[in-house]
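Novice: So that we are looking at the same thing, I have put the structure below in structure tokens.
The values are calculated or read from the model by the stated rules, or taken from the named source; none is laboratory data. None of the values given here were measured: they were computed from a predicted structure. Cβ coordinates were reconstructed from backbone atoms using ideal geometry, including for glycine residues, and neighbour counts include every protein chain displayed.
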Amino acid sequence: MKSVAGPFPMHVTYRFDLHPDGTRATIRVQGGDGGYPRIAAPLMTRMVRRNLVKDLRDLERRLTST
């Protein structure tokens, strides 16, 4: 997934692999270079991580609900 608009350009790569306990989700987020994004990186890292964890929990709930 690539962000094409907004103040923080980024690439997000999702990968899902089989795992003995179910499915392993790997997510890689790469942000833009320099300037404001570099100054805001610590805050953005926490915000992105929190949102990704929430999204994965929501996905897990949907996939495992009966």
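Novice: List the residue pairs whose Cβ atoms are under 8 Å apart, where the first residue sits in the stretch 14-32 and is touching a residue at least 24 places away in the same chain (Cβ under 8 Å), the second is part of a loop (DSSP other than H, G, I, E, B), and the two are 6 or more positions apart or on different chains.
Specialist: Sorted first by the residue in the stretch 14-32, then by its partner, the pairs are Gly32/Phe8; Gly32/Pro9.
Novice: Mind listing whichever residues of the stretch 43-66 are at pLDDT below 80 and more than 15 Å from the chain's Cα centre (by Cα)?
Specialist: Residue satisfying the conditions is Thr66 alone.
Novice: Among the residues of the stretch 42-56, count how many are within 15 Å of Ala25 (Cα to Cα) and β-branched (Val, Ile, Thr).
Specialist: So the count comes out to 1.
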